[in-house]
Structure formats: structure tokens, C-alpha cells
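Report on the structure given below.
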Amino acid sequence: MPLTTEERKELIRTWGDRSARAVAAEFNERHPDRHPVSHVSVAQLFTRFMKTGSVADRPRSGRPVTETDEATSVAVLATFAKSSTPSTRRLSMECGVKRRSVGRILKEHRWHPYKLQMQHHMSEDDPDRRMQFCEWAVAQLQEDPDFHTKILFTDEANFYVHGEVNKQNLRYWSPNNPQWTDPCKLVGRGKLLVWCGLWCSKVIGPFFIPGNLNADMYLNMLSDIILPSVMSADDTFPSFFQQDGAPPHYGLGVCTHRDEQFPG
């Protein structure tokens, strides 16, 4: 985060005979809400002030920036103020401003993209399970550097037909963190479940499932569609199958089938 003119003047006023590190520490203590300034930046600012008598940046070379002038900046920020969720690509098309210029305007005015935080239910054993998995994965990598190429990574995502977007790809632009969360899921809305897998450099799928996924549907998809499509021409097959903790993944028939296909 760049220093404002007033903040630069404050650093010069508090310089005295102290070191740049001491000045930076005092400034950061006074302003805990902003990004910390380094002692290197303080020293460079003081050197510039001693040479030029000013804390302003030197004029930049090259062509002047015209797409980020005040009028364009106001138009871009006003559009984001009305709806904070469009992508910079879409906003660039709507305003007729280059996407790079849109990003420059947002950065200059300290707007940041915040991701919607999905509030998943956590059980008491989840932290221990995560730690056990990390320790196991590290041990596997130490024994076999190509361990990650033997895993079939899988996941599903719901896409709602009424127009709600996939929140994993959604960002909320704001100068302040809105603490944006989604504590509930929509019920009774038409949706399409999309399944996809990654194995080495291969993309498995995507496969589409209308409606709600249950254990029987998941088992049929595994045995009839997913695993047959994984088998390569040279009969190679992943050694590990990764999935999340969705209830259909742990049906009795699903677990039995997985144990047969991926023993151990």
C-alpha cells in the first residue's frame, strides 16, 4: 500500500537522529490499520527529501496515463459501488476501459477482491484428520517424489439454473473487508451437479448429474462412467482416489466398490 503525502511528511517530521528502522517501527505502531512500512522505504524517502526537498515521487518517464484519469476512475468506482461482484473483465467491456486500467484504478483507490467464505460445518475430529492426512502425504512424497501423479483428485460443484453463480469463482470488490459469508444453501431450486477429476495432466470429465446426488447415483457414476474413462490405453490406473466428505461418498456400496478398485 503506497504512502500518502501526509504519511510521508509525518515520517520526515519524526526522523530526528534516529535510525530508519526505529522510525518505521514507531510509524507502524501508530498506524496498525495499514500495511506496515519497511525501514528500507523510510530510508529511501529520507534520501529523496534530502536531495530534492520534497517527499513527492519523481515524474515517471513514458507516455502519460489517460485511461485512469479522474473522470474514468469515478465512472469505474461508481459502477463497482452499485454492484460489487462483476469481474474486472466484464467491467472492462461495459465501461470501454482496458482491463489493466480497471485493475490500476482499483489498486490506486485501495479496493481489494474479497472471496465469499463458505461456512462449512466442522466436526470435532476434523482438525486431527487433516493433520493425519498431511503427515501421511508428506511421508508418501518422501518415499516417492512422483506420489502426486498417482492420485485421482475429484470434486463436484452445483450450478443453479435460476442464475446463481458458482461462488468459488466470485469476488466482492470493496475498499474494506465486508466479511462476506453464505451461511445457508438454497432449497428447492433447479440445479445441475458437475463432477470433474484431475489425474497427472489429464482432465477426467466433466460429467453432469441433474438434481440431488445420492449414494446409488454416485456408485453408478463411479462404476459405469468415471472409472472406465480413467483407464488409459496402456492400462495404467491411479493408485489413490481423492474425494471430499459429502454424504453420498460414504454409502456402504460406494465404500465397498472403492475398496475393491483402490485396495489399501
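The values are calculated or read from the model by the stated rules, or taken from the named source; none is laboratory data. Here the structure is a predicted model, which means the values were calculated and not measured. Reconstructed Cβ throughout: ideal geometry from the backbone, glycine too, with neighbour counts over all protein chains shown.
Residue by residue, here is whether (1) out of contact with any Ser or Thr (no Cβ under 8 Å at 6 or more places or on another chain); (2) over 27 Å from residue 109 (Cβ atoms) holds:
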| position | (1), (2) |
| --- | --- |
| 7 | yes, no |
| 10 | yes, no |
| 15 | yes, yes |
| 21 | yes, yes |
| 27 | no, no |
| 35 | yes, no |
| 43 | yes, yes |
| 51 | yes, yes |
| 54 | yes, no |
Inset, instruction - Go over the candidates 237, 262 one by one and state the one that is within 17 Å of residue 203 (Cβ to Cβ) and of a type in the set (Phe, Trp, Tyr). - result: 237
Legend entry - Residues (hydroxyl-bearing (Ser, Thr, Tyr) and modelled with pLDDT under 75) located in segment 40-85: 61, 66, 68, 79, 83, 84, 85
Legend entry - Long-range neighbours under 6 Å by Cβ, at least six apart or interchain, first residue in contact (Cβ under 8 Å) with a residue 60 or more places away in the chain within segment 1-17, second among the polar types (S, T, N, Q): none
Inset, instruction - Please report, ordered by residue number, the strands (runs of 3 or more DSSP E) entirely within segment 166-253 with at least 2 residues that are within 30 Å of residue 34 (Cα to Cα) and at pLDDT below 70. - result: 171-174
Inset, instruction - Restrict the check to segment 9-23 and report whether at least one residue is part of a loop (DSSP other than H, G, I, E, B), at pLDDT 75 or above and not polar (S, T, N, Q). - result: yes
Legend entry - residue 145 vs. criteria under 30 Å from residue 35 (Cβ atoms), of a type outside the set (S, T, N, Q) and either at pLDDT 70 or above or not assigned by TED's automatic domain parsing to the domain that holds residue 218 (or both): no
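Regarding segment 89-101, can at least one residue be identified that is part of a helix (DSSP H, G or I), of a type in the set (Val, Ile, Thr) and modelled with pLDDT of 75 or more?
Taking every residue of segment 89-101 in turn, none turns out to be part of a helix (DSSP H, G or I), of a type in the set (Val, Ile, Thr) and modelled with pLDDT of 75 or more.
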Legend entry - Residue that is surrounded by the most Cβ atoms within 10 Å (Cβ to Cβ), among those in segment 210-264 that are in contact (Cβ under 8 Å) with a residue 40 or more places away in the chain and aromatic (Phe, Trp, Tyr): 241
